[in-house]
Amino acid sequence: KEAMDRDPRYEMAPLWLARTYGSMGQLRNQQAVLAKAVALNPLEPVVVINASEAASNVGNTVEAERILERLLAVAPRNDMALRTMAYLQYNQGRLDRALQYANQAYQAEPEGTSNISTLAFMLMQLDRDVEREQLLKNVSLNQLSDEFTQIMRMRQCNFSLLPHYQKFIDESLKTQNYEPGSQGMFLPAGITLINNKEYAKAIKLLQIPLADDDKSANGAQALELMSL
């Protein structure tokens, strides 16, 4: 707030204040602050995308779309905005339009892992498995660990697409090692074992990052692993 008082035209200050409001659950305040940031710079992608998501979070999907459409009118290949629009359409049940925007984001930046993951997710929702498998054919697991975890938690995938997890599972069970930040591998690996009905092995794997030491998962990470 002090930064905003000192320089009312610096649009990043309200962005950071909005993040604080968001972490406090004050979604209306978050949206109001981001609306001010958009007014300062209506074409700054990071500000615009955050403002669109904030509007969507309080149920104002019309405003969320309007904000994104204004940016896309002058930057039609901005992959972040296209991805955001894809999920906005998905959340409203417009799967065909969601796939269209996801494909545009992928075409704009084919190497972007978030673009690949978003397109794979939308293809999966429409049961277009052949296209999804072709998309992921030459993508390494390490590239997609975080994003693909989100996909798998939404809906069961064809786990034959994830052969590299077996190596991770075997090494983890052998060494009993857990490195901070590797939670993105433990979750889908655990899901893979559960899907294969290897329940005892899944329990042993998931207990590794829940060990009582300084390197173990904690907070929301631990809750996710424990719930699985």
* Three-way shape call for the stretch 1-143 based on the alpha-carbon gyration tensor, with the a/c threshold at 1.5 -> prolate
* Structure fact -> If the chain between K1 and R66 were fully extended at 0.36 nm per residue, the gain over the current Cα-Cα distance would be 20.7 nm
* Per residue accessible area in Å² of the stretch 27-103, where ligands, DNA and RNA are left out and the probe is 1.4 Å -> 47 Å²
* Nearby lysines by direct alpha-carbon distance to K36 (threshold 22 angstrom, same-chain neighbours under 8 apart not counted) -> K1
* Full-stretch length increase - R94, L126 - with 0.36 nm per residue and alpha-carbon distance subtracted -> 10.4 nm
* Structure fact -> Once the in-chain neighbours fewer than 8 apart are removed, the lysines whose Cα is under 27 Å from K197 read K137, K167, K174
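The values are calculated or read from the model by the stated rules, or taken from the named source; none is laboratory data. Values in this document were obtained by computation on a predicted structure and should not be read as measured data. For the accessible areas, the whole protein counts, side chains as well, though only heavy atoms, and no ligand, DNA or RNA atoms are used. Shrake-Rupley method; radii C 1.70, N 1.55, O 1.52, S 1.80 Å.
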